[in-house]
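Below is one structure; the comments refer to it alone.
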Amino acid sequence: SSNAMWGGRFAAGPDAIMEAINASIGFDKRMAAQDIAGSCAHAAMLAAQGIITDSDEQAIREGLLTVLSEIERGDFTFSTALEDIHMNVESRLKDLIGEPAGRLHTGRSRNDQVAVDFRLWVRDQVDAVIEGLTALCKALLDQAEAGADWVMPGFTHLQVAQPVTWGHHMMAYVEMFGRDMSRFRDARVRMNESPLGAAALAGTSFPIDRHMTAEALGFDRPAANSLDAVADRDFALEFLSSSTICAMHLSRFAEELVIWSSSQFRFVALSDRFSTGSSIMPQKKNPDAAELIRAKIGRIMGAMVGLFTVMKGLPLTYSKDMQEDKEQVFDAADNLMLALAAMTGMVSDMTANREALEIAAASGFSTATDLADWLVRALNMPFRDAHHVTGTLVALAESRGCDLPNLTLDDMRSVHDAITKDVFEVLGVQNSVASRVSYGGTAPDQVRVQVKRWKEILG
Ligand code: ARG
């Protein structure tokens, strides 16, 4: 039999394969609440404008709320023949209230309907992600505050570079996740325009009030061009792009945790709650959560590339290709939320090994730059000369198999005879970090300034 929604010009129903490739109900049922909210707003507007009667509006609204509760209770039979969430809801509404159900779709199309549903869904996710990021930043702030003056090695090229503080390292991630938050907020501002009332693509001859439905659904304004309103998926692409950047940050941090928790580093102990064992090696405690977080970028960036690829050649306005937008976004959103929650749990639970961090901070001639800076300040040496003298001292220490502070004053003077015993004061890691008081530097006082600033921002 032909379709109840659009079967007028069809003599035969679809092939089973046609139905299988066409249906989106398997995944777009996740937008049921948004679909019903959009329909309620549309019906209320139609009544306010005198396009349908108040009693029809009341029947539609009550019917839709019944459908919503059926879906929420798990007491709803989704039908593949009815393709998508929009037609499943409307068909059930017709069973429940009869004739007025047929009036709901006046001045509307599935093209603006799906655009509004999906925007509302993505907007909810943006809010959830911002909440997840806030929780993660708070966990990082706790770590930073506790360890504002714990020293650890700072790395470039994964080689020891200069001593830094644990708090400073934690706060670097607060900056990164803070930028992610602001990216999601920016995207939310741009996506918050209502496509509802664009109808199929050209607008409608009915005297609808798009401002009213926009306001009822929490949008800032109606989208100004009906063609763009139904063709645009920028909001989903921006969500995926912001998610990809955020997943990249999570992945870098996860990689550090994998390295730091290894027995070669022992910088941190991850909690049992966020580790797993091995079925064969009894001693193993593996950082699986960190590894999975590190991997999530793969599917999230994959979703972004996937949707860009779907959208790139599409002529205006709606094409069925666009039905392929949702699964990508759903999967990316679910996995980003999971990764954020797991990272927050790991960060809250992890214990820094202060002793191992401090020993590592002093290794690898990490205070060589402090020595060079001392030569500049105390001996008025040009920095390039100081760099050369220090390099010679590092080579000397290396040949002795010791660190810079273990050289004697005579060793130092054998390289440059104006060096005095005061030089030893700058070779300690505590002095080194305490001296880096430039704005945004690693000195504990600077870290505390930033912790305070972020606490105020996050509330
Ligand atoms: N299931 C469709 C989607 O997800 C809804 C819009 C259908 N519109 C249409 N003209 N066939 O995109």
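Between Ser319 and Asp228, the modelled labels are 2.1 nm apart [label points 7 Å from Cα along Cα→Cβ].
Annotation: per residue accessible area for segment 19-71 equals 38 Å², rounded to a whole number [probe 1.4 Å, protein chains only]. Between Gly277, Tyr318, Leu307, whose Cα lies farthest towards the positive end of the dipole of the chain when Lys and Arg beta carbons carry +1 and Asp and Glu beta carbons carry -1, centred on the Cα centre? Farthest towards the positive end: Gly277.
Stretched out fully, how many nm does the piece from Met248 to Ser182 gain, at 0.36 nm a residue minus the Cα gap? Mind showing how you got there, number by number?
On the way: separation 66, 0.36 × 66 = 23.76 nm, distance 1.58 nm.
Residue separation times 0.36 nm, minus the Cα-Cα distance, leaves 22.2 nm.
Legend: calculated FRET efficiency, Gln283 to Thr66, from the Cβ-Cβ distance at R0 = 56 Å, rounded to 0.05, equals 0.45.
Scanning the chain for chymotrypsin sites (Phe, Trp or Tyr not before Pro) in DSSP loops with at most 14 neighbouring Cβ atoms within 10 Å leaves 11-438 as the longest stretch between them. Where does helix 383-400 land angle-wise versus the long Cα axis of the chain, in degrees 0 to 90, nearest 10? That helix lies at roughly 70 degrees to the long axis. Taking square-rooted eigenvalues a ≥ b ≥ c of the alpha carbon gyration tensor, is segment 207-249 rounded, prolate or oblate, where a/c under 1.5 means rounded and, failing that, a/b exceeding b/c means prolate? Judged from the Cα gyration tensor, segment 207-249 comes out oblate (a/c at least 1.5, b/c at or above a/b).
Each Lys and Arg adds +1 at its Cβ and each Asp and Glu adds -1 at its Cβ; summed about the Cα centre, segment 342-388 shows a dipole of about 160 debye.
So how much slack lies between Asp75 and Arg413, counting 0.36 nm per residue of separation and subtracting their Cα-Cα distance, in nm?
Numbers: separation 338, 0.36 × 338 = 121.68 nm, distance 8.57 nm.
Additional length available on full extension: 113.1 nm.
The angle separating the long axis of helix 166-191 from the principal Cα axis of greatest extent in the chain is about 20 degrees. Considering only Gly428, Ile457, Gly364, the residue lying farthest towards the positive end of the dipole of segment 351-459 is Ile457, judged by Cα position with unit charges set on Cβ. The angle between the Cα long axis of helix 444-458 and the main principal axis of the chain comes to about 10°, on a 0 to 90 degree scale.
Set the Förster radius R0 to 41 Å, insert the Cβ-Cβ distance between Asn431 and Leu338 as r into 1/(1 + (r/R0)^6), and round the FRET efficiency to 0.05. Please list the in-between numbers first.
Numbers: r = 43 Å, r/R0 = 1.05.
Plugging the Cβ-Cβ distance into 1/(1 + (r/R0)^6) gives 0.45.
The residue list Asn406, Thr204, Val114 was ranked by how far each Cα lies along the charge dipole of the chain toward its positive end, using unit charges on Cβ atoms, and Asn406 comes out on top. Here the dipole of segment 250-354 is about 340 debye; that uses its Cα centre as origin and unit charges on the Cβ of Lys and Arg (positive) and Asp and Glu (negative).
The values are calculated or read from the model by the stated rules, or taken from the named source; none is laboratory data. Nothing here was measured: the structure is a model prediction, and the numbers come from that model. Ideal geometry is used to build each Cβ from the backbone, glycine not excepted, and the neighbour counts take in all protein chains shown. To get the accessible areas, we keep the full protein, side chains included, count just its heavy atoms, and leave off ligands, DNA and RNA. Shrake-Rupley method; radii C 1.70, N 1.55, O 1.52, S 1.80 Å.
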